[in-house]
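Take a look at the structure below.
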Amino acid sequence: MTGLRYVYAVCRPFGTPLQAQLTGVGGDPPRLVPHHDLVAVVSHVPEADFAEEPLRAHLEDLDWLTSVARAHQGVIDALTTVTTPLPLRLGTVFRDDSGVRSMIEAREENFLRRLDRLEGRVEWGVKVFLESGPEQAPEQPAPQPAAMSGRDYLRRRREQTRSREEQWQRAETFATRLHGTLAGFAEDSRLHAPQNPTLSGHRGRNVLNAAYLVPRGQSEAFVEQVERTKDDSPGLRVELTGPWAAYSFAGEETTGEETAGGRTAGEGTT
């Protein structure tokens with residue numbers, strides 16, 4: 001099959017086969033491109049979608065990007081069950097297998113060092129949300145028997161502001177304490193920027209958005225540690241995701257090499 005090479009991850013050679021029905025971006029099954037002590041996991045993708053100009057146009061299409069991201073993540077998830085992958089950035093594309101091997105050659109020492117660090121480890125994500133209120137429709141203000149005075153109105157506004165500030169302070173204290181506990185349990189941790197609820201679709205205000213690097217064998221204990229905190233503070237919601245490939249700890253992703261014909265969606269270079 002002809003086409004460009006879409007690269008999902010770099011890893012060490014592994015003997016366990018991937019799922020027989022696994023397909024990647026564009027519906028093409030992933031395959032391995034070996035080079036020295038590493039392999040790249042790739043699929044063929046059409047130039048009509050992934051050459052520089054059409055890819056730039058596709059980056060404005062949220063539905064298209066979502067479809068690519070799901071296929072990309074599906075391959076990474078499958079790899080995570082059989083080996084320790086070093087995920088590359090969404091949309092990393094090379095012209096041919098030779099370009100993929102040239103990329104590995106240029107980054108081989110760096111890849112091996114990062115894979116050594118991540119071997120046998122997975123990433124868990126933990127988010128804390130300050131709920132806006134009970135799971136019900138917003139309460140409508142009760143009708144006032146008489147017009148509220150300006151003084152009463154200002155007093156009520158001050159009380160509402162004070163209540164919100166107290167809720168936020170309690171949420172921050174809880175999140176700080178939880179992160180300290182989990183970071184002490186994990187081998188490494190990363191604090192990410194809070195998620196925008198409009199973009200993420202999550203209810204409530206994101207107080208903590210963190211990732212934790214945990215040895216695979218200690219994952220059950222880590223999950224139990226998180227579960228024990230979920231009822232500690234009413235009005236706060238703790239969400240746990242994973243285990244994932246260690247995206248947050250993989251270090252700088254490859255951006256491709258011009259001489260190898262490499263390009264990523266993030267860079268838009270050729």
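The values are calculated or read from the model by the stated rules, or taken from the named source; none is laboratory data. Worth saying up front: this structure is predicted, and the values here are computed from it rather than measured. Positions of Cβ are backbone-derived with ideal geometry, glycine not excepted, and every protein chain shown enters the neighbour counts. Note: areas computed on protein heavy atoms with side chains; ligands, DNA, RNA excluded. Shrake-Rupley method; radii C 1.70, N 1.55, O 1.52, S 1.80 Å.
Things worth noting here:
- Within the stretch 207-217, tally of residues that are more than 18 Å from Gly180 (Cβ to Cβ) and either over 19 Å from the mean Cα position of the chain (by Cα) or open to solvent by less than 40 Å² (accessible area, probe 1.4 Å) (or both): 2
- Leading residue by the ranking (nearest to Arg5 (Cα to Cα)) among those in the stretch 27-55 that are of a type in the set (A, V, I, L, M) and surrounded by fewer than 16 Cβ atoms within 10 Å (Cβ to Cβ): Leu32
- Of all residues in the stretch 1-13, those satisfying the criterion of being under 22 Å from Arg107 (Cβ atoms) and open to solvent by less than 40 Å² (accessible area, probe 1.4 Å) are Leu4, Arg5, Tyr6, Val7, Tyr8, Ala9, Val10, Cys11.
- Taking the criterion of being open to solvent by less than 30 Å² (accessible area, probe 1.4 Å) and more than 16 Å from Pro34 (Cα to Cα), the residues of the stretch 89-110 that qualify are Gly91, Thr92, Val93.
- When the stretch 33-77 is filtered for residues that are in contact (Cβ under 8 Å) with a residue 24 or more places away in the chain, closer than 27 Å to Arg113 by Cβ and within 16 Å of the chain's Cα centre (by Cα), the ones remaining, listed by number, are His72, Val75, Ile76, Asp77.
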